Amino acid sequence: MLLFEVQDIKHYVRDRLLLDINHLQIHHDDRIGLVGRNGCGKTTLLQIISGKITSEEMKMTEHTSSELLPQLKPTGTTKSGGEVTQEYIQQMLSGNAELLLVDEPTTNLDTDHIEWLEKKLKGWPGACVIVSHDRAFLDALCTTIWEIEEGKLTEYKGNYSDYVNQKDIEKRQRKFAYEKYEREKKQLEEAIKLKEKKAQRATKTPKKVSKSEAKIAGAKPYFAKKQKKLQKTAASLETRLEKLEKVEKVKELPSLKMHVPNEETFKNRIIIRAEDVSGRVNERLLWDKTSFHVQGGDKLAIIGPNGSGKTSLIRKIINQKSSITVSPSVKIGYFSQNLNILADEKSILENVQSSSKQSETLIRTVLARLRFFNEDVYKRVDVLSGGERVKVALAKLFVSDINTLILDEPTNFLDIEAVEELESLLQAYEGSVIFVSHDRQFVENIATRILEVRNQTIHVFEGNYQAYKQSQSREKQDTPHDDYLLLETKISEVLSRLSLEPSEELEKEFQRLLKQKRELEK
């Protein structure tokens, strides 16, 4: 059943044509993921569908009511961002709309709540259009992907992974078309040169012809006729060359190989050792005494609910608090969301070069991988968007004279393309990476070890995220799933509130829920 239809969308931002979409339809039970670079018009399109933005040219046929979950959600002083997002989601799901328009619903949610939201949306009886940078979320929910690129909308069937496979096929086809174009162009150019060369030779008297023979009346006309024929053929070839449809070369990003300092005393050796480390905020216990280590070259993901103490743990490592020993060979670079390592008045290139011993060629290669090409590197930081500033900060850290990256939620504010480029940089990085993230796909693609902070306990899993999830599934097989999930949700909510407003009452509630969960697990 058709729920929504619109034709001839043309939306301008000042003089720029942001969206130029001929036709768009949404049917009952559609699960559509809307993707594209930051600033391409995804949020604007949701607002057009919801009726909040209109244009004179477009012809809209609306067959249903819709509910819009905005990207920027007003936050109160007493509630965390995660709590506000959950309230908006609950309010949206309690309505009677047949079409949900959901803009970055996973913002500020931890992994437990993202999976809770997935379950809710899977059971939703109507249609959804979802803007999200969370690829695992799009994979779990979507059956269609809409891509916005240069104002145009292209539809791909399947979830996000299916979309990526189709894009790879398109890229290979473009590469093949370019190679074919280059071959044909080269053949025509060589044929033209050959004909022109023969035409030039046709004006000269052949060496085997005597002077008396050359003076014979018919000799010159013969060569002139031959020359004209060759010139005509060359002109015909030139016309074919001009009419040859040009195919642009597929842009291939350069590979990257970068050495890190102290590599010989660093790789595969214990570089950080934690012995009986505990974490507290005032009187509240974050996690009990624990011991673990990090080796040179590890890619360690720190995961767990909001408020469990993940950021507190990495700050202990950075500040080398008591019971944490860091090898003298370690040089740490820390990324946090306040981006205080950037100088606003300087250019992108100046910022990234300021703490690096790497060549400008390598620095430009890293910036190109993060989509800063050619003259882009001379833009001042103070004119950049939030996502662009994050990319500059990450690039600066990546090429600094360090061998251990500590990253706190590095994928926030990045579009999917930038996240995937960051992944490729981190996968090739020879140093260690310790990072906090709720992006499951990012964790799966980067982590070689998992450290989980949950229920006042730290647990280190020796393996990647996929193996960790499999082990978790086996542990929970005998646990009533709905009751367990509900308790997890309540515990996360109380932890979020405790991190903002510590109180004895909340602490008692937390301990009560924790006891209830342990009994359920037994």
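The values are calculated or read from the model by the stated rules, or taken from the named source; none is laboratory data. Only a predicted model underlies this, so the values are computations on that prediction, with no experimental measurement involved. Here the Cβ is made from the backbone with ideal geometry for all residues, glycine too, and neighbour counts use every protein chain on show. When the accessible area is computed, the model is the full protein with side chains, heavy atoms only, and any ligands, DNA or RNA have been set aside. Shrake-Rupley method; radii C 1.70, N 1.55, O 1.52, S 1.80 Å.
A few notes on this one:
- Selection of segment 390-422 for residues being touching a residue at least 12 places away in the same chain (Cβ under 8 Å), open to solvent by 10 Å² or more (accessible area, probe 1.4 Å), over 16 Å from Thr311 (Cα atoms) and not hydrophobic (A, V, I, L, M, F, W, C) yields Lys391, Lys396, Ser400, Asp401, Asp415, Glu417, Glu421.
- The one condition from (1) in contact with a Ser or Thr (Cβ under 6 Å, 6 or more places away or on another chain); (2) on the phi > 0 side of the Ramachandran plot; (3) not polar (S, T, N, Q) that Gly333 does not meet is (2).
- Segment 368-385, subset loosely packed, with under 14 Cβ neighbours inside 10 Å and without any contact (Cβ under 8 Å) to a residue 60 or more places away in the chain, residue nearest to the chain's Cα centre (by Cα): Phe373
- Condition broken by Val260, with the remaining ones in (1) surrounded by 15 or more Cβ atoms within 10 Å (Cβ to Cβ); (2) among the aliphatic types (A, V, I, L, M); (3) more than 29 Å from Gly431 (Cα to Cα); (4) modelled with pLDDT of 80 or more satisfied: (3)
- Answer residue from segment 162-183, given it is within 19 Å of the chain's Cα centre (by Cα) and in contact (Cβ under 8 Å) with a residue 24 or more places away in the chain and is nearest to Val13 (Cα to Cα) among those: Tyr163
- In segment 337-354, residue surrounded by the most Cβ atoms within 10 Å (Cβ to Cβ) [restricted to those that are modelled with pLDDT of 90 or more and assigned to a loop (DSSP other than H, G, I, E, B)]: Leu342
- Test for Lys152: is it open to solvent by 20 Å² or more (accessible area, probe 1.4 Å) and closer than 28 Å to Tyr465 by Cα: no
- Applying the condition of being crowded, with 22+ Cβ neighbours inside 10 Å and aliphatic (A, V, I, L, M) to segment 101-116 and asking which residue is farthest from the chain's Cα centre (by Cα) yields Leu101.
- Segment 86-110, residues that are within 21 Å of Pro305 (Cβ to Cβ), in contact with a strand residue (DSSP E or B) (Cβ under 9 Å, 6 or more places away or on another chain) and either part of a helix (DSSP H, G or I) or modelled with pLDDT under 85 (or both): Tyr88, Ile89
- Filter result (surrounded by 14 or more Cβ atoms within 10 Å (Cβ to Cβ) and not hydroxyl-bearing (Ser, Thr, Tyr)) within segment 54-64: Met58, Met60, Glu62, His63
- The lone criterion from (1) open to solvent by less than 60 Å² (accessible area, probe 1.4 Å); (2) modelled with pLDDT of 90 or more; (3) not hydrophobic (A, V, I, L, M, F, W, C) left unmet by Asp288 is number (1).
- Glu245 meets the conditions (1) out of contact with any strand residue (DSSP E or B) (no Cβ under 7 Å at 6 or more places or on another chain); (2) among the acidic types (Asp, Glu); (3) exposed (fewer than 14 other Cβ atoms within 10 Å of the Cβ); (4) under 27 Å from Thr448 (Cα atoms) in every case but one. The failed one is (4).
- So Gln90, is it under 21 Å from Ala140 (Cα atoms) and free of Cβ contacts under 8 Å to residues at least 40 places away in the same chain: yes
- Residue in segment 299-316 that is free of Cβ contacts under 8 Å to residues at least 24 places away in the same chain and either of a type in the set (Ser, Thr, Tyr) or not in a strand (DSSP E or B) (or both) present: yes
- Identity of the residue in segment 35-53, within 17 Å of Thr154 (Cβ to Cβ) and of a type in the set (Lys, Arg), that ends up surrounded by the fewest Cβ atoms within 10 Å (Cβ to Cβ): Arg37
- Candidates in segment 309-328 are the residues that are hydroxyl-bearing (Ser, Thr, Tyr) and at pLDDT 90 or above; of these, the one that is surrounded by the fewest Cβ atoms within 10 Å (Cβ to Cβ) is Thr325.
- All helices (runs of 4 or more DSSP H) inside segment 411-505 with 1 or more residues being among the small types (Gly, Ala, Ser) and modelled with pLDDT of 90 or more: 416-428, 465-475
- Residue match in segment 269-276 (condition: modelled with pLDDT under 90, open to solvent by 90 Å² or more (accessible area, probe 1.4 Å) and not in a strand (DSSP E or B)): no
- Some residue of segment 23-34 being part of a loop (DSSP other than H, G, I, E, B), out of contact with any Gly (no Cβ under 6 Å at 6 or more places or on another chain) and open to solvent by less than 70 Å² (accessible area, probe 1.4 Å): yes
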